[in-house]
Amino acid sequence: MRRTARYSEERRSASAAKVTAAGAKSTVRPTPQRTCVACRTVRAKRDLVRIVRSPSGELSVDVRGKAAGRGAYCDPDPACVERGLREGAIARALEVTIDDATADRLRKEMTEAAEARAKVGETH
Ligand SMILES: [Zn+2]
């Protein structure tokens, strides 16, 4: 069912573009939203962490959300990360096979990303 993720991603960008065009005079942009691949909850993009498959096939947690490659969004919640890895939602979204070593590394990187975010939150 890899079609589903790709289709919804494209559809969302298309509708976002439409909203932007309609509200061209306004400086307020709609909050970009993404779906957590593990629990399918829709959240503000900034509340999710992007996992990216680089053009060379390397998986990593993309803290700034700007790395080139195919991305999948997941809650920075260990339970969601675990579920996404175990149930294969992350692998499916990125169209890759995730081996144990990579899964371990992603868990670690997600934890670090979540901690980095928590720190940013404290300063507000
Ligand atoms: Zn989730």
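If Ala103 meets every condition in (1) among the aliphatic types (A, V, I, L, M); (2) under 14 Å from Val52 (Cα atoms); (3) within 16 Å of the ligand (Cβ to nearest atom) apart from one, which number is that one?
(3)
Taking Val52 and the conditions (1) assigned to a loop (DSSP other than H, G, I, E, B); (2) within 18 Å of Cys36 (Cα to Cα); (3) touching a helix residue (DSSP H, G or I) at 6+ places or on another chain (Cβ under 9 Å), which numbered condition does it fall short on, given that it satisfies the others?
The single condition Val52 does not satisfy is (1).
Suppose we filter the stretch 35-61 for residues that are over 14 Å from Ala93 (Cβ atoms) and within 9 Å of the ligand (Cβ to nearest atom); how many remain?
Count: 2.
If you take the residues in the stretch 86-124 that are farther than 22 Å from Arg70 by Cβ and of a type in the set (Asp, Glu), which one is modelled with the highest pLDDT?
Glu115
Determine the pairs where a residue that is open to solvent by 70 Å² or more (accessible area, probe 1.4 Å), located within the stretch 61-79, has a partner that is within 16 Å of the ligand (Cβ to nearest atom) with Cβ atoms under 7 Å apart, the partner being 6 or more residues away or on another chain.
Short answer, once both residue conditions are applied: Val63/Ala113; Pro78/Thr111.
Looking at the stretch 83-99, I want the residues that are assigned to a helix (DSSP H, G or I) and have a partner that is of a type in the set (Ser, Thr, Tyr) and surrounded by fewer than 21 Cβ atoms within 10 Å (Cβ to Cβ) with Cβ atoms under 9 Å, at least 6 apart or on another chain. Which pairs are those?
Ala91/Thr97; Arg92/Thr4
The values are calculated or read from the model by the stated rules, or taken from the named source; none is laboratory data. As the structure is a computational prediction, the values presented were derived from the model and not from experiment. Heads up, the Cβs are rebuilt from the backbone with ideal geometry, glycines too, and the neighbour counts pull from every protein chain shown. The protein model used for the area step is the full one, side chains on, heavy atoms only, and it has no ligands, DNA or RNA in it. Shrake-Rupley method; radii C 1.70, N 1.55, O 1.52, S 1.80 Å.
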